[in-house]
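> So that we are looking at the same thing, I have put the structure below in structure tokens.
The values are calculated or read from the model by the stated rules, or taken from the named source; none is laboratory data. The shown structure was predicted, so the numbers you read here are calculated from the model rather than taken from an experiment. Positions of Cβ are backbone-derived with ideal geometry, glycine not excepted, and every protein chain shown enters the neighbour counts. Only protein heavy atoms, including side chains, enter the accessible area calculation; ligands, DNA and RNA are left aside. Shrake-Rupley method; radii C 1.70, N 1.55, O 1.52, S 1.80 Å.
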Amino acid sequence: MKKLYITGNEIAYYFICKRKLWFFSKDITMEQNNQLVELGKIIHEITYKNKRKEIEFEGIKIDFFEKKNALIHEVKKGKTMEKAHVWQMKYYLYRLKLLGINCKGMIDYPLLRQRVTVILEKGDIEKLEDLINKIEKIKSLKIPPKVIDKMFCKKCSYYELCYA
């Protein structure tokens, strides 16, 4: 069954690895056996305990929402702030805007003890719509894109699949 929407993970994976995006879009998931993914789940569970968790709809999973400040939060386990995280958040803001909900985003990095505020800026909607088209093209490929062979590949949950 074809998904009628792009997920937040697919937006992030576009920036990280198009091959990973392709596998994920075909429901080939390897995360269940990855220790780094498990670490991320633990960090997610122990941080921000008093906040409402995971507002979910059509491929969007927002970690928590501050109604008073009209602010959505995404919690990341990483030790680096990545472009993929910012565009994933911008996508969430875009999808909410389509529903008539205007808010800002905050990416929380508990291990770094840092936060990044994200807003939907002029030109972002056009960039996101272009990005969605590019993702759809990757998802429609009959075979996955080539291996990118980067240092971070060894930590990826799809490593064995790519390098077997």
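> For Asp130, what accessible surface area do you get with a 1.4 Å probe? Give it in Å², rounded to 10.
About 70 Å², rounded to the nearest 10.
> Moving on to the next point. Going down the list Lys26/Lys122; Lys77/Lys137; Lys97/Lys150; Lys18/Lys61; Lys77/Lys139; Lys67/Lys134, which pairs span over 31 Å between their C-alpha atoms?
With Cα atoms farther than 31 Å apart: Lys26/Lys122; Lys97/Lys150; Lys67/Lys134.
> May I ask you to order 8-18, 57-67 by the average number of other C-beta atoms within 10 Å around their residues, highest value first?
Packing order, densest peptide first, comes out as 8-18, 57-67.
> Which of the peptides 150-161, 101-112 is most tightly packed, and how do the rest follow, going by the mean number of other Cβ atoms within 10 Å of each residue?
Highest mean packing first, the order is 101-112, 150-161.
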